[in-house]
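The values are calculated or read from the model by the stated rules, or taken from the named source; none is laboratory data. Predicted, not measured: the structure shown is a model, and the values here were computed from it. Cβ atoms come from the backbone with ideal geometry, glycine included; neighbour counts cover every protein chain shown. These area figures cover heavy atoms from the full protein model, side chains too; ligands, DNA and RNA do not enter into them. Shrake-Rupley method; radii C 1.70, N 1.55, O 1.52, S 1.80 Å.
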Amino acid sequence: MKKAFSSDLMARIKMIQGENFVTVENTKNLTNQELIQLIPYLMRKSSIKTCKNVNILVDSQCSKEVVSLLKDNDFMLHDENVTVHKALNESSNMQGGFKLKDLHDLSTAEFKKVWEASMEGSLNSPSSLNIDEQMRSVEVELGPNYKKSCMIAYENEAPIGVTMPHIEPGTLEEGRIFYFGILPSERGKGKSKLLHQQSLEILKKDFKASYYIGSTGHNNLPMLKTFQNNGCTVIERNKVFKRKN
């Protein structure tokens, strides 16, 4: 009986598994008591036991018992994420935009170089993965069409940032952006709003997404402002717990 109950809990959460990371999401669907039952069950799974990078997202209002249990299992509070939603069915009057190239027109080395540069000085908590591991995660998570999602934005032939729009695996219409970043020298010039708006258009027109889900760290005020400027609504706030290696 206990195992069946655990399976039911597993069906209500989302586990994103890459080559060397596991992220557990959608725990908002569980009560605190169910979370307390689920965490030890997860910790016994071999895929989690042996994984180098494990993250669990829990509602920012979760109980002290849940936090204590996570800490007992060697998890530390890493960040707090804000998740937003936007319906993509309304028409847009967007004019212009940046020139975009994806991995069909770029070398992987060039893309990684600009992607890594766009992470410099980010207000989000840094990833535990290096750039090669992150690139591999994109390939594993997004599958064979990942090249279409890895884009550099250019202005007057010079790169200004990266955007990685895609359909969330396992869904047909949920648009996401795997990573979005502006180069440090181009920040504070209103380019984030325009590139994000352009990315939403791509999700709607090229990827056929009907809605967008985005998230960023609660300290990343410029990105939160970009979400707000482009009509996104906050739907969740989650604490991100990362297991100590």
- Query: Does Asn219 qualify as being outside any helix (DSSP H, G or I) and surrounded by fewer than 17 Cβ atoms within 10 Å (Cβ to Cβ)?
  - Reply: yes
- Qualifying residue in region 31-44 (condition: open to solvent by 20 Å² or more (accessible area, probe 1.4 Å), part of a helix (DSSP H, G or I) and among the basic types (Lys, Arg)): yes
- Query: Only one residue in Ser149, Ser128 is closer than 26 Å to Lys244 by Cα, in contact (Cβ under 8 Å) with a residue 12 or more places away in the chain, surrounded by 15 or more Cβ atoms within 10 Å (Cβ to Cβ) and touching a Phe, Trp or Tyr at 6+ places or on another chain (Cβ under 8 Å), so which one is that?
  - Reply: Ser128
- Specify which of the listed residues (Met94, Met76) is within 23 Å of the chain's Cα centre (by Cα) and either modelled with pLDDT of 95 or more or not aromatic (Phe, Trp, Tyr) (or both). Met76
- Task: Go through Ile160, Ile213 for me and flag whichever is farther than 27 Å from Leu77 by Cα and modelled with pLDDT of 95 or more.
- Result: Ile160
- Query: Considering only residues of region 112-126 that are small (Gly, Ala, Ser) and out of contact with any Gly (no Cβ under 7 Å at 6 or more places or on another chain), which is nearest to Gly161 (Cα to Cα)?
  - Reply: Ala117
- Name the residues in region 58-88 that are under 21 Å from Ile235 (Cβ atoms), open to solvent by 40 Å² or more (accessible area, probe 1.4 Å) and assigned to a loop (DSSP other than H, G, I, E, B), would you? Gln61
- Message: Of the residues Gly96, Gly121, only one is open to solvent by 40 Å² or more (accessible area, probe 1.4 Å), farther than 19 Å from Phe178 by Cβ, among the small types (Gly, Ala, Ser) and in contact with a Pro (Cβ under 6 Å, 6 or more places away or on another chain); which?
- Response: Gly121
- Query: open to solvent by less than 30 Å² (accessible area, probe 1.4 Å), hydrophobic (A, V, I, L, M, F, W, C) and modelled with pLDDT under 95, is that true of Val138?
  - Reply: yes
- Query: Out of curiosity, is Lys204 surrounded by fewer than 18 Cβ atoms within 10 Å (Cβ to Cβ) and more than 16 Å from the chain's Cα centre (by Cα)?
  - Reply: no
- Query: From the set of residues in region 171-201 that are of a type in the set (D, E, K, R) and under 23 Å from Ser127 (Cα atoms), which is surrounded by the most Cβ atoms within 10 Å (Cβ to Cβ)?
  - Reply: Arg176
